[in-house]
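Engineer: Handing you this structure, nothing more for now.
Bear in mind these aren't lab numbers, they're just calculated from the coordinates by the rules spelled out. On a predicted model such as this, the values are computed, not experimentally measured, just so you know.
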Amino acid sequence: MREIGAFEAKNRLGALLDRVEQGEEIVITRRGKAVARLVPEGSRSGREEARAAADRIRERAAATKLGAFDWAEWKAYRDEGRR
């Protein structure tokens, strides 16, 4: 992943788009701080995969049914070693 300043990115946008089209990711910075990222159009699948993984985690958590969380019990566990 390459970093490039905003001023240079503005002046070289066409060349940057060519590099992105070839699969490279480019981070655009302003005063050394990242403000934007140019990524190939096809890279959205990573976001979709992450959402699918999160959905699977939620489904498994719902199926487990551990019951209500007992704060008093966990506070007692925490305080056990403090005495």
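Engineer: Quick one: 3J(HN,Hα) in Hz for the stretch 30-42, Karplus 6.51/-1.76/1.60 with θ = phi - 60°, rounded, Gly and Pro as x.
Structural biologist: Residue by residue, the stretch 30-42 yields 9, 6, x, 10, 5, 10, 7, 9, 9, 10, x, 4, x Hz.
Engineer: Can I ask one more? Nearest 10 degrees is fine. How inclined is helix 71-80 to the longest principal axis of the chain, computing both from alpha carbons?
Structural biologist: 90 degrees
Engineer: Further, regarding this structure: Rounded to the nearest 500, what is the 222 nm mean residue ellipticity of the chain from helices alone, with -39500 (n - 2.57) per DSSP H run of 4+ residues and division by all residues? Could the numbers behind the result be given before it?
Structural biologist: Numbers: 4 runs with 45 residues, N = 83.
Counting only the DSSP helices, I get -16500 deg cm²/dmol.
Engineer: Would you pull out the residues with amide H under 5 Å of Glu25's amide H, same chain only if 5 or more places away, H placed 1.01 Å from N?
Structural biologist: Arg2
Engineer: Whole-Hz ³J(HN,Hα) for each residue in the stretch 53-65, computed from phi via Karplus 6.51 cos²θ - 1.76 cosθ + 1.60 with θ = phi - 60°, x for glycine and proline: what do you get?
Structural biologist: Each residue of the stretch 53-65 in turn: 5, 4, 4, 5, 5, 4, 4, 5, 5, 5, 6, 5, 6 Hz.
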